[in-house]
Amino acid sequence: MKRDYLASKPPATNLQKDVIEVTALHALSASMDGEQNRRQARSRLANWQESNREQVNCLQLLPKALARFYEDVFRSPDIDLTLLPSYSFVFQFAFTLAQPYISRDEQDFYIIDNPVRKDKILKLPYVASTSWKGSLRSAFWRQGDKAKDEKVLRLFGSEKKGTDEASRDDSEHFQAGRLYFYPTFFTLKSLEIINPQDRRLRSGRLPIPFESVPQEADGIFTLLYVPFDRIGLDEAETRTQAAEDMGRVATGLQAMFRDHGFGAKTSSGFGLANADLKKVRGEIRTQGIQKFAQQPESFDKFVEAADKLAEVVKNGGRGE
């Protein structure tokens, strides 16, 4: 199978050649008998690790048309709140990694065992919307919020239990959440070497390479809140809930980015962001109140701005 791939592989982009071809050659050498083949496999692996140890700009390896498409459409989603129910709001900001981001890709055919998760089309490292949702929910729980708390359920929704008969009966009680997460793409990748220590010898013998998004890489986070379940109901209560949710989500985001982290190996300090936020087209804004708060310069200022806007929402547009 490996030989068939090498003999009739389709045309590939530079990014695909960077991984797929090297992976195939490495796997072919490793599967053949003989010390020379094993040396070739080790040499290819070492060369690939050395070339990827420093930062690799994945965007430069994409075709120009695809790179422009990413910049125009995916990098910074543009959300039109006028099409959504009143008191919907958007949080969008650019952040910088204080520590590398590690995740687990679904791709099995790779030169190392721990590739960072990449989009199937763009081939860029990214944080999936489902990963953002799980990380923020985890941050809520660590702050003491209960999974079945009504205020948490209205944000994240309840879980579907399955497809059997009992689960279908239970689906009548399924509750969708008001939060909608957008994926965050990164254009840089690198390698982290983790060397587990032997407790007796106090040294490591088997360093493990992990593909990562490196420290100081930038990403844009976008979150949309839609109180769809309040359409046609009491407006004052809708405003109150939206204001409460705005403050609670902002505080949870600060805890996720600054304290708990996101992605894999957060207990080891990976997946944290710097306190400062980047200046890009980003903002805190809400539908139903004609007041926009431009993007703050730090997470502390972000929470402060969200609390102020929440107070405006709660008062029906009156206030600072």
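The values are calculated or read from the model by the stated rules, or taken from the named source; none is laboratory data. All values reported here derive from a predicted model rather than from experimental measurement. Using ideal geometry, Cβ is built from the backbone for each residue, glycine included, and neighbour counts are taken over all protein chains shown.
Descriptive notes on the structure:
- Inter-residue pairs, beta-carbon under 7 Å, first in contact (Cβ under 8 Å) with a residue 40 or more places away in the chain and in segment 304-317, second part of a loop (DSSP other than H, G, I, E, B) and among the hydroxyl-bearing types (Ser, Thr, Tyr), 6+ apart: Val313/Tyr87
- Filtered residues of segment 124-148 (kept if in a loop (DSSP other than H, G, I, E, B) and not polar (S, T, N, Q)): Leu124, Ala128, Gly144, Asp145, Lys146, Ala147, Lys148
- Any hit, segment 40-49, residues being over 22 Å from the mean Cα position of the chain (by Cα), modelled with pLDDT of 85 or more and among the small types (Gly, Ala, Ser): no
- Qualifying residue in segment 65-88 (condition: modelled with pLDDT under 90, under 30 Å from Ala255 (Cα atoms) and in a strand (DSSP E or B)): no
- Qualifying residue in segment 160-167 (condition: modelled with pLDDT under 95 and within 30 Å of Val116 (Cβ to Cβ)): yes
- For segment 107-141, a tally of residues being under 16 Å from Ala250 (Cα atoms) and either in contact with an Asp or Glu (Cβ under 8 Å, 6 or more places away or on another chain) or without any contact (Cβ under 8 Å) to a residue 24 or more places away in the chain (or both) returns 4.
- Test result for Gly252, small (Gly, Ala, Ser), within 30 Å of Arg117 (Cβ to Cβ) and in the same structural domain as Lys133 (by TED's automatic domain parsing): yes
- Odd one out for Ala275, checked against (1) outside any helix (DSSP H, G or I); (2) touching a Leu at 6+ places or on another chain (Cβ under 8 Å); (3) of a type in the set (A, V, I, L, M): (2)
- Odd one out for Gln143 among (1) touching a Gly at 6+ places or on another chain (Cβ under 9 Å); (2) buried (at least 18 other Cβ atoms within 10 Å of the Cβ): (2)
- Condition broken by Leu233, with the remaining ones in (1) part of a loop (DSSP other than H, G, I, E, B); (2) aliphatic (A, V, I, L, M); (3) modelled with pLDDT under 90 satisfied: (3)
- Listed by first and then second residue, the pairs with beta-carbon distance under 6 Å, at least 6 apart or on different chains, first residue in segment 95-106 and under 13 Å from Met256 (Cβ atoms), second β-branched (Val, Ile, Thr), are Tyr101/Val213.
- Checking Lys120 against (1) buried (at least 21 other Cβ atoms within 10 Å of the Cβ); (2) closer than 26 Å to Leu224 by Cα, the condition it does not meet: (1)
- Selection from segment 282-297 of residues that are modelled with pLDDT of 75 or more and either touching a helix residue (DSSP H, G or I) at 6+ places or on another chain (Cβ under 9 Å) or within 15 Å of Leu224 (Cα to Cα) (or both): Thr286, Pro296
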